[in-house]
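The values are calculated or read from the model by the stated rules, or taken from the named source; none is laboratory data. Here the structure is a predicted model, which is why all the values come from computation and not from measurement. Here the Cβ positions follow ideal geometry from the backbone for every residue, glycine too, while neighbour counts run over all protein chains shown.
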Amino acid sequence: MGKRIVSQARGKGSGTYRVRRKTFRYRIKYPKELEGEGEVIGIINSGAHTAPLAKIRYSKGIFYNSAFKGMVEKQKINFKEDVKDGNILTLKEIPVKTQVYNIESRPGDGGKFIKTAAGFATISRIANKGIFVLLPSKKEKMFDPNCRATIGVIAGAGRLEKPMVKAGRMYHLKKTKGKLYPRTSAIKMNAIDHPFGSGRGKNPKSKIAKRNAPPGAKVGLLRPRRTGRRR
């Protein structure tokens, strides 16, 4: 009798393939209402995030945000008008060509765009309908002028420049974030372990899984819009 293949085991969500909940205990999110002034009371290393996090205390409590490059503890964070690194303002208060991060998709949602290490977007232009921001993908996106953003560039640049050196380091890093590592190519498995397994018929890309296939067989091209070679 064969064992569950990896795609089945991951779908079941056992402890082997499930991330520790404690890792994701910090949420990067602005409070609904920000008043007065805040203070950075700590800079935290979070396994779930690529950048260090800033623990910010304000008049009504505490929230977490990605730390900007050059942030220090006990630094004051302003929520109105002052255009300075780390301050959280609405897009309409920020001048053109300013670098920002953690931008809200809709006013009050807490921030959705640009949260990874060394990330930033640039205020591109102001129009009647909204404010256009140049994202890291080099595409412009229009935002509501009342959406909030943090001024500056997220800390943690050069994260990918240092090599892992050992497979063990990569294993622990991936395990922290709930990623599968090492990943064995399906075609290198035995026939009992995967639908692409065994040395016969090595052409897995041509396999189109049936819509009602069970989790163990639903591999390959899933609901493809088209098949065949592009001409």
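Brief remarks follow.
- Scanning segment 155-188 for residues that are touching a helix residue (DSSP H, G or I) at 6+ places or on another chain (Cβ under 9 Å) and of a type outside the set (Ser, Thr, Tyr) yields Met164, Lys177, Gly178, Lys179, Leu180, Pro182, Arg183, Ala186, Ile187.
- Looking only at residues in segment 28-46 that are closer than 16 Å to Gly156 by Cβ and out of contact with any Lys or Arg (no Cβ under 7 Å at 6 or more places or on another chain), the one that is surrounded by the most Cβ atoms within 10 Å (Cβ to Cβ) is Ser46.
- Qualifying residue in segment 210-220 (condition: modelled with pLDDT of 90 or more, in contact with a helix residue (DSSP H, G or I) (Cβ under 9 Å, 6 or more places away or on another chain), more than 18 Å from Gly47 (Cα to Cα) and of a type outside the set (A, V, I, L, M)): no
- Looking only at residues of segment 1-32 that are in contact with a helix residue (DSSP H, G or I) (Cβ under 8 Å, 6 or more places away or on another chain) and not in a loop (DSSP other than H, G, I, E, B), we find that the one that is farthest from Ile43 (Cα to Cα) is Ala9.
- Per-region count, segment 62-84, residues closer than 16 Å to Ala117 by Cβ and either over 22 Å from the mean Cα position of the chain (by Cα) or not in a loop (DSSP other than H, G, I, E, B) (or both): 4
- Number of positions in segment 163-192 that are among the hydrophobic types (A, V, I, L, M, F, W, C), part of a helix (DSSP H, G or I) and closer than 22 Å to Ser46 by Cβ: 2
- Flag for Ile187 being over 18 Å from Arg10 (Cα atoms), surrounded by 14 or more Cβ atoms within 10 Å (Cβ to Cβ) and either at pLDDT below 85 or not assigned by TED's automatic domain parsing to the domain that holds Asn65 (or both): yes
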